[in-house]
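The values are calculated or read from the model by the stated rules, or taken from the named source; none is laboratory data. These numbers come from a predicted model, not from an experiment. Here Cβ is always computed from backbone atoms with ideal geometry, including for glycine, and neighbour counts include all displayed protein chains.
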Amino acid sequence: MWLEPLSHWLVLSALLAQLPAGPAPATLSLPELIATRHPVFAIPFRVDPPADPARQPTEVQLYVSDDRGAHWQLYAKAPVAEQRFMFRAGADGEYWFVIRTLDRSGQLRPETIGAPGLRVLVDTLRPAFKLTARRVESKQVSIHWEIEESHLKPNSLSVQYRALPNGPWQQVAIDRQDPAGTATPTAGDATFALKPGEGDIQIRGEVADTAGNLGFGHAQVGANRTAGPQKAEASAAPPTPVAARRSEFPAGGEASPAAEPRGSVAININPAIGKRYVAADEQATSLPSIPGLPAGERPRMVNSRMFELDYDVDSVGPSGIGRVELWGSRDGGQTWRSYTLDTTRRGPLLVNVEEEGIYGFRVVVSNGAGLGGMTPKSGDLPDLWIGVDLTKPTARIVSAQQGVDDEAGRLIISWQADDKWLAARPVSLSFSETPAGPWLPIASGLENTGRYAWPLDNRTPQKIYLRLEVRDEAGNVGVHQTTEPATIDQSRPSVRIRDVRPVEQTGSRPVRRS
């Protein structure tokens, strides 16, 4: 039996695991960890006919563990002819998979679950990339970068600069502190010399993780000024046209044709904004009331004041593209102002907004002959809505108590979490034996119900610290962990009768016989 991710969402070409028809050997080593930015993928299977017809499988079962094999759950069942399972990850994390078969005699094979047949790391988050720059001399610029990412792709860091307004991008040499030149440093510095006449300088950095998510950082310095931290992050998934993405978030039915981008410009946005991997039926039913935002419209949320917009221009004639300009509105299209002009006419459009809030955008394009490019007027609706949210959700663990009666053997964890733009299934819980970690998952992708009953087993430590993480649509994460450990008492007192003595009745009082 074998496992191989292959689907409309994810294609991995390698053969990932070979599972025996009988019990898994105790010494079976862990398979290679496969990283993907896609939370939905298929796991095909093939069942080879056994030598004994009585062992012919009638059903195939997929088991999954999100805590590295500590607990296994039956995820799905399928007939042998189905040949694949579809899996949807509720949250980012490492998932282990095992396939078992049920034969005609009702026997599960393998009888016990050993090592996993497949390990997949689902990582939909882009690397966080902070880039700063300053002039150290009139002809030199010093840059510093910091990257937050647990699974960086080796040799993926690239830093470039150009002289504004439209100079060519030039590579900045990076000391990787690795003889092979393959490491990706999470923090570092570099200095480069300017050419005569170069004044204002724009700097950009790019890095990737092993799942294929891209992160970008930007900074800018002038002749007599320095740039503080400016953060821009890139897509966790390849950009898709606005029209296609809008169909993922219907508001009570099909999207209105009037809501689609007008003209010959199809905008691709970078980063991919909003609840990228949540089906329509899993979305929150209520939306915040935002002035200027049309009813039912859902903005794409980002957690940075700086972001990039990629765009494609259709129907380009012989005169080519003459001008590309981004216009934006803060009041739903009543007033408009120009945000940036793309002198390269290739993209991306780098946008820097002043504060948190909801922004509407429209790209205006004219050809080389000056045709097209009509500036939006008051009352025109934006083609794209973006919400800038820099505020983390509030998160607090309220209590952790062992359950009684029907919930005996469980730890009841209660919490409070709130945010205007909470993601679907935003809650993750984890535990550790020490306040500093390491943190092991309890459950992830939970709805914000404020309560979770965690099944305990004999491997759960007697004293544990708890950690709560709550994520919003923009990617901000509110974190709270307990400062005092919760005590887990799974002992079961037993009683043993030690002796028996006869008692005689004398009058109204029993008398012990000597």
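Looking only at residues in the range 88-112 that are more than 29 Å from the chain's Cα centre (by Cα) and surrounded by fewer than 17 Cβ atoms within 10 Å (Cβ to Cβ), which one is farthest from Phe41 (Cα to Cα)? Looking at the filtered set, the residue picked out is Ser105. Among the numbered conditions (1) on the phi < 0 side of the Ramachandran plot; (2) in contact with a Ser or Thr (Cβ under 8 Å, 6 or more places away or on another chain); (3) of a type outside the set (A, V, I, L, M); (4) touching a residue at least 40 places away in the same chain (Cβ under 8 Å), the only one that Thr344 does not meet is (2). Filtered by the rule that a residue be among the hydroxyl-bearing types (Ser, Thr, Tyr), over 29 Å from the mean Cα position of the chain (by Cα) and part of a loop (DSSP other than H, G, I, E, B), the range 448-502 gives Ser491, Ser494. Number of residues in the range 367-401 that are part of a strand (DSSP E or B) and more than 26 Å from Asp342 (Cβ to Cβ) equals 8.
The condition (being over 32 Å from the mean Cα position of the chain (by Cα), farther than 30 Å from Pro49 by Cβ and surrounded by 15 or more Cβ atoms within 10 Å (Cβ to Cβ)) is satisfied by just one residue among Leu131, Leu194, Leu152: Leu194.
Please work out which residue is modelled with the lowest pLDDT, limiting yourself to the range 305-315 and to residues that are within 22 Å of Thr344 (Cβ to Cβ) and not aliphatic (A, V, I, L, M). Only one residue tops the list, namely Ser315. Would you pick out the residues in the range 449-489 that are buried (at least 18 other Cβ atoms within 10 Å of the Cβ) and among the basic types (Lys, Arg)? Listed by number, the residues that qualify are Arg467, Arg471.
Taking the numbered list (1) within 20 Å of Gly205 (Cα to Cα); (2) touching a residue at least 60 places away in the same chain (Cβ under 8 Å); (3) of a type in the set (D, E, K, R) in turn, Glu146 passes all entries but (2).
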